[in-house]
C-alpha cells in the first residue's frame, strides 16, 4: 500500500474508534463526538505521516 493510503486508513480507524467510544460508551452529544473524532483523526494522520518519514 502507498503511504497516503495507510495514513488515510490510520486516520479513519482512529476517528471511527473515538467517535464510537464518545458517542455510545460515554454518551457524549453528536457534536462533541464528531469534534473529538475529527481531532483524533487528524492527530492519527499526523502520527502516521511522521512515522512514514523515518
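Considering only residues that are surrounded by fewer than 16 Cβ atoms within 10 Å (Cβ to Cβ) and assigned to a helix (DSSP H, G or I), which ones fall in the range 9-33? Show your work before the answer.
Within the range 9-33, the subset surrounded by fewer than 16 Cβ atoms within 10 Å (Cβ to Cβ) is 9, 12-13, 16-17, 20-21, 24-27, 29-32.
Scanning the range 9-33 gives 9, 12, 13, 16, 17, 20, 21, 24, 25, 30, 31, 32.
Could you figure out which of (1) surrounded by fewer than 12 Cβ atoms within 10 Å (Cβ to Cβ); (2) in contact with a helix residue (DSSP H, G or I) (Cβ under 7 Å, 6 or more places away or on another chain) isn't true of residue 45?
Of (1) surrounded by fewer than 12 Cβ atoms within 10 Å (Cβ to Cβ); (2) in contact with a helix residue (DSSP H, G or I) (Cβ under 7 Å, 6 or more places away or on another chain), only one is false for residue 45: (1).
Read-outs throughout are calculated quantities, based only on the coordinates presented, and are distinct from any laboratory measurement. Remember, it's a predicted structure, so these values are computed and weren't measured experimentally. With ideal geometry, Cβ positions are generated from the backbone for all residues, glycine too; neighbour counts draw on all protein chains shown.
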